[in-house]
Structures are given as structure tokens and as C-alpha cells.
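**Student:** If you scroll down you'll find the structure; I have some questions about it.
Derivation of every value follows stated rules applied to the coordinates shown; laboratory data play no part. This one's a predicted model, so the numbers in the text were calculated from it and none came from an experiment. No Cβ is skipped: glycine too gets one built from the backbone with ideal geometry, and neighbour counts run over all protein chains shown.
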Amino acid sequence: MIAPDVEAFAQLLPAIDRGVLNRSETRTMYDIFNRTFDANEKPCSCAGKNKRMVKKLRRAYEYSCKS
């Protein structure tokens with residue numbers, strides 16, 4: 001993860017842990033995901049997709065914090 005993305009993801013963690021992201025937070029999460037994984041995902045309300053994305057982002061976040 002790029003340093004600004006690490007900070008942005010850290011700010012999203014409380015909302016992610018609550019399990020409720022507003023539209024702006026969802027957009028931010030997708031932007032971070034797309035930059036981190038060089039992807040082109042579009043926001044959706046697909047619970048399974050969002051859960052997988054959060055899992056991948058958490059792993060990248062935890063890895064970047066160990067470096």
C-alpha cells in the first residue's frame with residue numbers, strides 16, 4: 001500500500017469494523033483497492049465482493065505496517 005493509502009485505510013477501519021460504510025467511505029475503499037492492486041473495480045452493494053476486498057486490503061495494510 002502507498003503511504004497515503006495506509007493512512008486513509010486506517011481511518012476507514014472503525015467504519016469497516018462496524019460493518020457499515022457510507023457512500024463516500026465505500027468510494028474511498030474502492031479507490032484504495034484499485035490503486036493497491038492495480039484493479040478497476042466499481043462500487044457495488046455486493047456483500048461478498050466487499051468482504052473479499054476488505055480482507056485483501058487488511059492483509060496489505062497489516063503487511064505495510066510491519067515494514
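**Student:** Kindly provide the set of residues from region 21-49 that are surrounded by 10 or more Cβ atoms within 10 Å (Cβ to Cβ) and assigned to a loop (DSSP other than H, G, I, E, B), ordered by number.
**Tutor:** Those that are surrounded by 10 or more Cβ atoms within 10 Å (Cβ to Cβ) and assigned to a loop (DSSP other than H, G, I, E, B): L21, A39, E41, P43, C44, C46.
**Student:** Out of E25, E7, E62, E41, which single residue is in contact with a Leu (Cβ under 9 Å, 6 or more places away or on another chain) and not hydrophobic (A, V, I, L, M, F, W, C)?
**Tutor:** Step by step, each of E25, E7, E62, E41 is checked, and only E25 is in contact with a Leu (Cβ under 9 Å, 6 or more places away or on another chain) and not hydrophobic (A, V, I, L, M, F, W, C).
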